[in-house]
Structures are given as C-alpha cells and as structure tokens.
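Student: Here it is, the structure in full.
The values are calculated or read from the model by the stated rules, or taken from the named source; none is laboratory data. Nothing here was measured: the structure is a model prediction, and the numbers come from that model. Every residue, glycine among them, receives a Cβ derived from its backbone with ideal geometry; neighbour counts consider all protein chains shown. For the accessible areas, the whole protein counts, side chains as well, though only heavy atoms, and no ligand, DNA or RNA atoms are used. Shrake-Rupley method; radii C 1.70, N 1.55, O 1.52, S 1.80 Å.
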Amino acid sequence: MKKENVFEGSSVQDAIEKGLAALGITEEEAEIKVKSKGGFFTKPSVEITVKEKTEAEADVAEEELATVEEEAAEEGGKVALTEEECAAAEGRVRAFIDGLLEEMRLDCTAEVTREGEEIDVRISGKGAGSIIGYRGDVLDAVQYMALWIANNSVKEFIRVSLDAENYRKKRNETLTNLAMRLARKAARTGRRVSLEAMNPFERRVIHTALQNDKFVRTESEGEGSYRHVVIIPKTENAPRSRRPREASYGETPQMTYGTSAKFRKKGAVKTKTYGAPSKKPY
C-alpha cells in the first residue's frame, strides 16, 4: 500500500521540500501532486506519495541479505579473520559512510568503531533524519550496502551495524512493546495475530522478543515487501476457560474447569439451622 502525505508551505516548492525532508526521500522517489497553489485563506499544499519498490527489487534485497547471514551462520569451523583484514574492512566502511554523507550534503558526523569482527557505525547531527528515512528504510539500505562493502574482499563474514540518533534502540523498544502486547492478545483470545509488513531487521526483533514466550510462538509469512510476522498461540483455538488470563500473563495460567458432575446432578447441598425456632405464618 502506498503511503500518502499532505504538506503545506509558504510556496509550492517550499511544501515539496518540507515533504521530501520529512519523508527522507528524493524527488525521484516520490510522486508529487499539487493540491493547492494557495489563496487568501489557504496555504500552498502538495500531496506526496512514496513510490514503492517493485516486488522484484524487494525480494532481491531481502534474499541477498538473508543469504549473506545464513551462509555465515552455517559455515562451521571457519578460521578467524586476521587483524589486518578486519582493519581493512573497517577502513572501507568508514570511507563509504563519509563519502555518502558528503554526497548527500548532510550536516552529520559518523563515528565508526570495531570490536573483533563487528563494525559499529553511529551517525549524529541535524541531517540524521534524512539518513533514517521512513521507518528506517534508508538506514537499512545504507547498512546493507556497508555490509557488502565490508565483506567484498574477505572469505569470512564481518557484521556491520548502523544507527542514527539512537533510532534503532528506540524502534526496537517500540517493536518489543508491540510484540508483548499482541502476544497477550493472542494468548487471551486463542487466535493468531498478524503484524504489518516489516523488513528483515524489524521482523527479527519480534521473533527475538517472543522466542522464549510460554504462550505464543512466531512465524514469518508472505513474500517480498509483504512479508510479515504472525503471532500464534500455543493453545490455538483452546476453550476460553483454558486460556491464561490477561492479568496473569507471564505467570502460571490459572485454569477453570466448571462445576462437578455431582453438583450438576443433585444441585446445591441443603443445610439445616439449629437453635432457632421455626416461624409459622399467622
């Protein structure tokens, strides 16, 4: 589904520039429609629609990234990289990020650090919003490119993580809270809960947050840009009396089994009173 936004400005061009900056995209990546050129009581406004990647482009990017990580995880007994190889990879990533920020003319600085075979890049500054993009899509693309640049001349796998203005930490916290809330819903209702389409990095956050959950499990469904996470209760379609109460989620579920067969057959036990005289109507 396309994402539509309306922006106002002092002029049509000003509205366009504000919209592109807010969405973190270029004019080539947007469909722009002038809604109003302005008047006595209205400001100039434009409607900007973010062009979607084609399904083929989304599939290629996602599958290539998954292949890189899966191959690295499946290789057993591999020899560790030398310090020279790691330092060279760090230098390539640093040169790529600095050159990118310069070409984009962003008022940002990049701090690149490395620990063993993991390279960490932190971007900060006034223009960090443009490198983040809509829900981190630009950030993911840059990280993907940095990953390939770091590994283009070594046989082993070097991991690269990229963040700007602490966006990933905030986004991860948001997704984790969302995962826990929807897990409670799935466990309470006994029905599956489907999340919106997410990129591989965000889906991984959901899977990780619920991987040890007692009441639900997660799976990814869909293809390409429509791939999403589904939260599945482990007692799917179980009777409501056997589902954990929402208030006690995370604790041992309290089960209710209804009334006994003896009670249903004979009803409540009759009791007698002692010491009180019986009253008769006059």
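Student: Measure up K18/K126; K33/K169; K126/K170 against 26 Å on the Cα-Cα distance and list the ones that go over. Walk me through the intermediate numbers first.
Tutor: Details: K18/K126 15 Å; K33/K169 35 Å; K126/K170 18 Å.
The pairs that break the limit, which is 26 Å between Cα atoms, are K33/K169.
Student: Pop out the carbon and sulfur fraction of the accessible area of segment 148-221 as a percent, whole number, probe 1.4 Å.
Tutor: On the way: 1890 of 4040 Å².
C and S fraction of accessible area: 47 percent.
Student: Could you give the accessible area per residue of segment 90-136, probe 1.4 Å, as a whole number in Å²?
Tutor: On the way: 2680 Å² over 47 residues.
On a per-residue basis, 57 Å².
Student: Then there is this: Just to confirm a number: summing +1 for Lys and Arg and -1 for Asp and Glu over residues other than G127 whose beta-carbon lies under 12 angstrom from that of G127, what do you get? Walk me through the numbers on the way to the answer.
Tutor: Numbers: positive: R105, K126; negative: E102, D107, E165.
Here the charged neighbours net out to -1.
Student: Mind checking the full-extension length gain between K234 and E173? Use 0.36 nm per residue of separation minus the Cα-Cα distance, one decimal, nm.
Tutor: Result: 19.5 nm gained on full extension.
Student: At a Förster distance of 25 Å, what's the computed FRET efficiency of E219 paired with A197, Cβ-Cβ distance as r, to 0.05? Walk me through the intermediate numbers first.
Tutor: On the way: r = 14 Å, r/R0 = 0.57.
E(calc), rounded to 0.05, equals 0.95.
Student: Quick check: pseudo-label points 7 Å beyond the Cα along Cα→Cβ at S124 and T42, how many nm apart are they?
Tutor: About 4.4 nm, to one decimal.
Student: Could you give the length gained by full extension between S161 and A141, i.e. 0.36 nm per residue of separation minus their alpha carbon distance, to one decimal place?
Tutor: On the way: separation 20, 0.36 × 20 = 7.20 nm, distance 1.17 nm.
The S161-A141 span can extend by a further 6.0 nm.
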